[in-house]
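Report on the following structure.
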Amino acid sequence: NASEDDHLAGTPFNESLRRMPAEKRSIGRAAAKRCREGTSVMIDGGSTTLQMCRHLEGRDLQVFTNSLHIVRALLPQAGTRLLVPGGSVFREQDIILSVGGDETMPSFHAPQLFMGATSIGAQGIMQPDVILVAAERRLIDRADELIVLVDHTKFHGPSGNLVCALEEVNTVITDAGVEDKNVAMLEAAGINVVIATTNN
């Protein structure tokens with residue numbers, strides 16, 4: 001039924017927006033700086049990836065996203081081209097997903113994928129819902145570089161379904177609250193760690 005159709009496991013988007021707002025803003029700003037002007041990028045739906053949008057204007061990007069929040073944020077940017085997948089709208093997360101696993105995405109490849117996570121640990125990147133995992137795996141397979149945006153609380157988050165191993169991640173952008181042991185864990189997996197500050 002409809003109430004089940006638009007529900008995913010995990011935190012509703014509007015609640016996520018209220019968590020760690022200053023940290024997410026600094027992470028989003030640092031992530032946007034990594035976008036190469038005039039290229040294509042994929043931005044997965046999430047409250048942290050949303051914070052990239054205000055910093056993308058004028059970069060002449062083509063953005064593939066499954067997030068209606070990100071679409072709304074980027075629509076006023078005349079120079080930013082938008083591409084979205086087909087599928088069902090999940091209202092709580094405000095994202096478009098192909099629930100049946102059908103390949104409804106356009107034939108699209110991008111040098112960079114920017115993605116959030118519910119939690120991150122030695123086992124890898126985790127999400128609570130298997131539908132989200134399947135959608136993110138499809139995005140990962142279409143990107144050259146995986147950049148994960150997580151505030152420091154995500155290193156203590158609940159476990160879930162594995163999206164990918166740490167070794168598949170190129171860069172993690174987090175905030176200054178991250179513990180040294182977690183930075184060491186990421187660097188041991190060969191990940192470039194970027195600590196976003198309010199000044200970056």
Select from the stretch 30-59 the residues that are within 17 Å of PHE108 (Cβ to Cβ) and surrounded by fewer than 16 Cβ atoms within 10 Å (Cβ to Cβ) and list them in ascending order. ARG36, GLY38, THR39
Please go through the stretch 113-124 and pick out each residue that is assigned to a strand (DSSP E or B) and within 11 Å of the chain's Cα centre (by Cα). LEU113, PHE114, MET115
Exactly one of these conditions fails for GLU168: (1) within 19 Å of SER47 (Cβ to Cβ); (2) touching a strand residue (DSSP E or B) at 6+ places or on another chain (Cβ under 7 Å); (3) not aromatic (Phe, Trp, Tyr). Give me its number. (1)
Please tell me if PHE155 is assigned to a strand (DSSP E or B), touching a helix residue (DSSP H, G or I) at 6+ places or on another chain (Cβ under 7 Å) and of a type outside the set (Gly, Ala, Ser). no
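If you take the residues in the stretch 161-184 that are part of a strand (DSSP E or B) and within 27 Å of VAL130 (Cβ to Cβ), which one is most open to solvent (accessible area, probe 1.4 Å)? Talk me through it step by step, then tell me what you get.
Keep residues of the stretch 161-184 that are part of a strand (DSSP E or B), which gives 161-164, 171-175.
Still in the list and also within 27 Å of VAL130 (Cβ to Cβ): 161-164, 171-174.
Details: ASN161: 52, LEU162: 87, VAL163: 5, CYS164: 3, THR171: 3, VAL172: 0, ILE173: 0, THR174: 0 Å².
Here the residue is LEU162.
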The condition of being touching a residue at least 24 places away in the same chain (Cβ under 8 Å), closer than 21 Å to VAL41 by Cβ and polar (S, T, N, Q) holds, among GLN127, GLN123, only for GLN127
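Here's a check for you: in the stretch 1-29, which residue that is among the charged types (D, E, K, R) and surrounded by 13 or more Cβ atoms within 10 Å (Cβ to Cβ) is modelled with the lowest pLDDT? Let's see the steps before the verdict.
From the stretch 1-29, those among the charged types (D, E, K, R) are 4-6, 15, 18-19, 23-25, 29; that's our starting set.
Next, only the ones that are surrounded by 13 or more Cβ atoms within 10 Å (Cβ to Cβ) stay: 6, 19, 23-25, 29.
Values: ASP6: 55, ARG19: 68, GLU23: 91, LYS24: 93, ARG25: 93, ARG29: 96.
Restricting to residues being among the charged types (D, E, K, R) and surrounded by 13 or more Cβ atoms within 10 Å (Cβ to Cβ), the top hit is ASP6.
If you scan the stretch 185-200, which residues turn out to be outside any loop (DSSP other than H, G, I, E, B) and either surrounded by 11 or more Cβ atoms within 10 Å (Cβ to Cβ) or touching a residue at least 60 places away in the same chain (Cβ under 8 Å) (or both)? Before you say what the answer is, go through the steps one by one.
From the stretch 185-200, those outside any loop (DSSP other than H, G, I, E, B) are 185-188, 192-196; that's our starting set.
Once the filter is applied, which keeps residues that are outside any loop (DSSP other than H, G, I, E, B) and either surrounded by 11 or more Cβ atoms within 10 Å (Cβ to Cβ) or touching a residue at least 60 places away in the same chain (Cβ under 8 Å) (or both), the stretch 185-200 yields MET185, LEU186, GLU187, ASN192, VAL193, VAL194, ILE195, ALA196.
The values are calculated or read from the model by the stated rules, or taken from the named source; none is laboratory data. The structure presented is a predicted model; accordingly, all values stated were derived computationally and were not measured. Reconstructed Cβ throughout: ideal geometry from the backbone, glycine too, with neighbour counts over all protein chains shown. All accessible areas refer to the heavy atoms of the entire protein, side chains included, with ligands and DNA or RNA removed. Shrake-Rupley method; radii C 1.70, N 1.55, O 1.52, S 1.80 Å.
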